[in-house]
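Report on the structure given below.
What follows draws every value from the coordinates through simple rules; no lab data is involved. All values derive from a computational prediction rather than experimental measurement. Counting neighbours? That spans all protein chains shown, and the Cβs are built from the backbone with ideal geometry, glycine included.
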Amino acid sequence: MRPGLKYQEPEPGVLLVSVLARSEELALAVGDRLEAEFGPIDLTSFWISFAHSRYYEAEMGDGLGRYIFFFAEPLARQLLVEAKLFCDGLESEYVLAGGRRVNLDPGYLGLDHLILASTKAVPHRPYLRQGIYADLTLVYECGQYIPLRWSYPDYSSDYVRALCGDVRAKILKLRKQGVWRV
């Protein structure tokens with residue numbers, strides 16, 4: 001270690017989990033399970049239609065939609081891997097006839113970006129550990145979260161980016177009050 005160099009953990013983020021399913025009822029039931037693991041949900045998106053892609057149709061059917069749940073408790077960023085592993089295990093509890101009924105995508109929102117956890121290795125996703133990669137999905141610039149060329153269309157929507165902006169405002173408020181820490 002260089003003399004005088006201090007290693008600091010980054011500020012916590014807000015855990016979010018996207019729940020993709022065929023019905024709102026199933027997604028909300030999974031939300032209850034997530035709340036039991038991660039603490040209270042602070043903000044829930046509207047039901048977002050997943051009509052822009054047919055990627056999951058063969059496995060999960062058509063008419064998919066998602067809720068994005070933002071959790072109240074600050075998340076130490078290094079715990080994203082554990083959150084992904086838990087979500088993958090929870091997905092397996094909802095398998096029916098060999099296919100998933102839900103797809104769970106955890107991530108964290110920080111003041112500077114939105115990171116999703118992924119098991120898929122592609123060039124823009126740095127490896128974290130235990131088979132989990134970090135997907136830089138949105139970056140905060142010029143007063144808003146902006147998508148990148150590889151960002152998923154639903155996360156790139158004005159609605160989701162505005163939701164992230166609202167959560168960011170809450171982080172700043174809690175930070176000013178001195179209570180935003182793990």
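For this structure, a couple of remarks:
- Sorted on the mean count of surrounding Cβ atoms within 10 Å across their residues, most packed first, peptides 128-135, 13-20 read 13-20, 128-135.
- For segment 128-136, Karplus couplings with θ = phi - 60° (6.51, -1.76, 1.60), whole Hz, Gly/Pro x: 9, 4, 6, x, 10, 10, 9, 9, 5
- Correct choice for Rg and Dmax of the Cα atoms in Å that was computed from the model, options (i) 16.6, 59; (ii) 15.3, 47; (iii) 30.3, 85: (i)
- Assigned charges on the beta-carbon of Lys, Arg, Asp, Glu; segment 13-176 dipole about Cα centre (debye): 540
- Amide hydrogen proximity for Leu138: with H placed 1.01 Å from N in the peptide plane, the residues at 5 or more positions away or on another chain lying under 5 Å are Leu114.
- Applied to segment 17-22, the Karplus parametrisation 6.51 cos²θ - 1.76 cosθ + 1.60 on θ = phi - 60° returns per-residue 3J(HN,Hα) values of 9, 8, 10, 9, 7, 7 Hz, with x for Gly and Pro.
- Using a Förster distance of 30 Å, the FRET efficiency for Ala36-Ala121 (Cβ separation, nearest 0.05): 0.45
- Karplus-derived 3J(HN,Hα) values for segment 66-76, using 6.51 cos²θ - 1.76 cosθ + 1.60 with θ = phi - 60°, are 9, 10, 10, 9, 10, 8, 6, 7, x, 10, 5 Hz; glycine and proline are entered as x.
- With helices as the sole contributors, the chain gives -9500 deg cm²/dmol at 222 nm; each DSSP H run of n ≥ 4 counts as -39500 (n - 2.57), and the sum is divided by every residue.
- Relative contact order of segment 1-148, pairs being alpha-carbon contacts under 8 Å that are 6 or more residues apart, as %: 25
- Sequence-distant residues sharing a close amide H with Asp42 (under 5 Å, placed H): Phe70, Phe71, Ala72
- Calculated FRET efficiency for the pair Val182/Arg2, C-beta based, R₀ 30 Å, to 0.05: 0.70
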